[in-house]
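Please treat every number below as a calculation from the coordinates, not as lab data. Just so we're clear, the structure is a prediction, and the values are computed from it rather than from any experiment. Reconstructed Cβ throughout: ideal geometry from the backbone, glycine too, with neighbour counts over all protein chains shown.
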Amino acid sequence: MTKHKRDRQFRPLPVPSVEIAGLFGDRQDAICNSTAETLLDRCVEAGMVRAIDMSQPSPGIVIPIQPWDGSTQMFWDSDLGKSIETIAYSLYRKSNPRLEARVDAIIDMYEKMQDEDGYLNAWFQRVQPGRRWTNLRDHHELYCAGHLIEGAVAYYQATGKRKLLDIMCRYADYMISVFGRGEGQLRGYCGHEEIELALVKLARVTGEKKYLDLAKFFIDERGTEPHFFTDEAIRDGRDPAKFIQKTYEYNQAHLPVREQKKVVGHAVRAMYLYSGMADLATEYKDDTLTSALETLWDDLTTKQMYITGGIGPEASNEGFTDYYDLPNESAYAETCASVGLVFWASRMLGRGPNRRYADIMEQALYNGAMAGLSLDGKTFFYENPLESAGKHHRWVWHHCPCCPPNIARLLASIGSYMYAVADDEIAVHLYGESKARFEVGGAKIELAQKTRYPWNGTVRFEITTDAPARFALSLRIPGWAKGASIKVNDEMLDLSSATVDGYARIEREWKAGDHVDLDIPLETRALWANPLVRQDAGRAALMRGPLVYCVEAVDNGEGLNAIELAGDLAKAEKTTEIAELRGAVALDLPVRRDKADWGDELYRTSPPEKQEVTARFVPYAFWDNRAPGEMLVWMRAGELNGE
């Protein structure tokens, strides 16, 4: 009998256990060939490596203190940590001794910089040494530690080298002495969440439960009264009311986490918090955390999420505003926030396969997140609008360069998001050409995916095992897939009886040579927004499979708002592979277009005449990789058949 999903623990497959090809393989090649070294080069150019080099004088304040009482220079350790993590994942795919040696030299610098008690932070050791642990609300100390921990875990797994891992274990051990409920300890937590999920990774790689317990402490303390951030400010001689964001909702510290019902504040912080909560719900089998997260999940995905999986429409708080406030051209939708949504969704799957999380993980990954990295791996998006008048372009670097290494580390480690394993079950959350290795019930299993997904919906799984083994193979049937089918060793499976929470669960004794064929029809479909999303009234967007499509001026000329969708999309579409976009499948569709016959009139009494033309739609994640120009996701909708 199957255990209730909440009593089970699914953990992601380690990155080294998955070989990637296809679309994700192409993205990983770009990271290996360009992004990984680009990240490190630009960290050097920004002065980040010099800042930790004890053989050189302290650089002092390079980036001025801002009105929020800090500087983005305070985050430099996090940028180095994420860059090290990206490089580590890239080394699984492609050896690069020169790049590895550069990372080793940086790790040596961190070893020399680390205080005897274990403390490690470039800003608070070399720029403001008297300010350690005085402003956890704003100064990102634990956030930086978290990203260095994640980098350390990845680098250890990639290379077998323990130096950075040992450095960060010493730092985490020091944190255990600093934070807690004992006499003289700080009952605090970081204003920018991250340390929580990082400590779970550290616990899993070391087997040390004390790191899980510290993560749990940070989660349990958050938002409790008396409020730590208020007391901290008073102790530090600051006025607690002089908080630039004016509310603890900004960093999700307005209520204890189990009492929070609405997704508020800074989008990336929220995603990292919920990711840590979900990890702890899995590790401690904590239904109180899972229940809180389910409420927050529904709040986000039914009222506050773009069709691309972008979240956080507002630049002023890099986060959330009101329900259904989803402007297109001014959308902030930070790349890091979509990456964070992928993190959260993946961790919600820790207590069992469930389509409600995996479908959103796929949507955010393929659209809002993947858009953040150019096809050549050299330029980046920070904001991800759904409409552009032609002035929004990828950039080489940023004064707060959190997004480049974030999207790079996600794509470079995508194998661990595709698969998860429990004691007696393998779950496949994402589809793509790959080969994964598992151990289930003492048997060694290899599962190969043969597919061109997301361009084609046919997926074959080939199983190799050293001995017959009984386990369940759970395959996600996307909620948007109409008429999906599965054959096991060429025999049709009854999906209606085999599907649990949106996954086809195939439990049997498997042997070498077994195969499963999954067919997911990829029909173009139109989607309409809830009428409360006023910016999308009278408009529709197109998706094919997991991909959101858009029009660009490079294919269709300027004046994209003159285009109107009409007719039966699925019957009318023609697909074309675009060589310039690495073989991405474009959609050529008949549309109506207003004639440009207005002359110099601004208003007139007669509507524009329309003409029948063909428009080309390309995957949103691939836009702005060719000639610059306008872009549009939400199109005017005439008489349109959506299903």
message: Please state the shape class of region 52-210: rounded when a/c is under 1.5, otherwise prolate if a/b exceeds b/c and oblate if not, all from the C-alpha gyration tensor.
response: oblate
field: For region 543-557, 3J(HN,Hα) per residue [Karplus equation, 6.51 cos²θ - 1.76 cosθ + 1.60, θ = phi - 60°, Hz, x = Gly/Pro]
entry: 10, 9, x, x, 9, 7, 10, 9, 9, 10, 5, 4, 9, 10, x
- line: Under the Karplus relation with 6.51, -1.76 and 1.60 and θ = phi - 60°, whole-Hz ³J(HN,Hα) for region 96-107, x at Gly and Pro, equal 8, x, 5, 5, 4, 5, 5, 5, 4, 5, 5, 4
field: With 10 Å bins from 0: P(r) over the chain, alpha-carbon pairs, percent
entry: 3, 16, 26, 27, 17, 8, 2, 0
field: Under-5 Å amide H pairs with Trp510, H placed in peptide plane, nonlocal only
entry: Ala469, Arg470, Phe471
- prompt: Could you give the Stokes-Einstein D for region 423-519 in µm² per second, using the C-alpha Kirkwood radius, 25 °C, 0.890 mPa s?
  reply: 181
- request: Determine the dipole magnitude for region 36-177: charges of +1 sit on the beta-carbon of Lys and Arg, -1 on that of Asp and Glu, nothing else is charged, the reference point is the Cα centre, and the result goes in debye to the nearest 20.
  value: 260
- prompt: What dipole magnitude, in Debye to the nearest 20, does region 524-641 give about its Cα centre under +1 on Lys/Arg Cβ and -1 on Asp/Glu Cβ?
  reply: 420
field: Residues whose placed amide H lies under 5 Å from that of Lys444, excluding near-sequence neighbours
entry: Asp466, Ala467
- prompt: For the charge dipole of region 15-418, defined by +1 on Lys and Arg C-beta atoms and -1 on Asp and Glu C-beta atoms about the Cα centroid, which residue among Met168, Ser95, Thr301 has the Cα displaced farthest towards the positive pole?
  reply: Ser95
- prompt: Which is farthest toward the positive dipole end of region 485-543 among Val516, Asn489, Leu532, measuring Cα position about the Cα centre, with Cβ charges +1 (Lys, Arg) and -1 (Asp, Glu)?
  reply: Leu532
query: If you add up the charges near Asp299, with Lys and Arg at +1 and Asp and Glu at -1, over every other residue whose beta carbon is less than 15 angstrom from its beta carbon, what do you get?
result: -1
message: Apply the Karplus curve 6.51 cos²θ - 1.76 cosθ + 1.60, θ = phi - 60°, to the phi angles in region 47-62 and return the couplings in whole Hz, x for Gly and Pro.
response: x, 5, 6, 4, 5, 9, 8, 5, 7, 10, x, 4, x, x, 7, 8
- request: Count neighbours as other Cβ atoms within 10 Å of each site's Cβ, and list the GluC sites (Glu not before Pro) in region 137-185 that are DSSP loop with at most 12 such neighbours.
  value: Glu183
Cα shape, region 187-327, gyration tensor, a/c 1.5 rule: oblate
- prompt: Roughly how many Å is it from the Cα centre of region 50-115 to that of region 579-605, as a whole number?
  reply: 46
message: Less than 10 Å Cβ to Cβ from Ser34, Lys/Arg counted +1 and Asp/Glu -1: what total charge do the surrounding residues give?
response: -2
message: Pairwise over distinct Cα atoms, reciprocal of the mean inverse distance: report the Kirkwood radius of region 347-425 in Å, one decimal place.
response: 14.5
task: Name the lysines eligible as straight-distance cross-link partners of Lys112: C-alpha to C-alpha under 19 Å, and not fewer than 8 places from it in the same chain.
output: Lys161, Lys163
field: Size of charge dipole - the chain - debye, nearest 20, with Cβ of Lys, Arg +1 and Asp, Glu -1, no other charges
entry: 780
- prompt: Out of residues 5 or more away from His429 or on other chains, whose amide H comes under 5 Å of its own, with H placed 1.01 Å from N in the peptide plane?
  reply: Tyr419, Ala420
- line: Among the Cα-Cα pairs of region 524-641, the proportion with separation greater than 24 Å, in percent, is 26
Residue (of Phe217, Val585, Thr206) at the positive-pole extreme of the chain, dipole from beta-carbon charges: Thr206
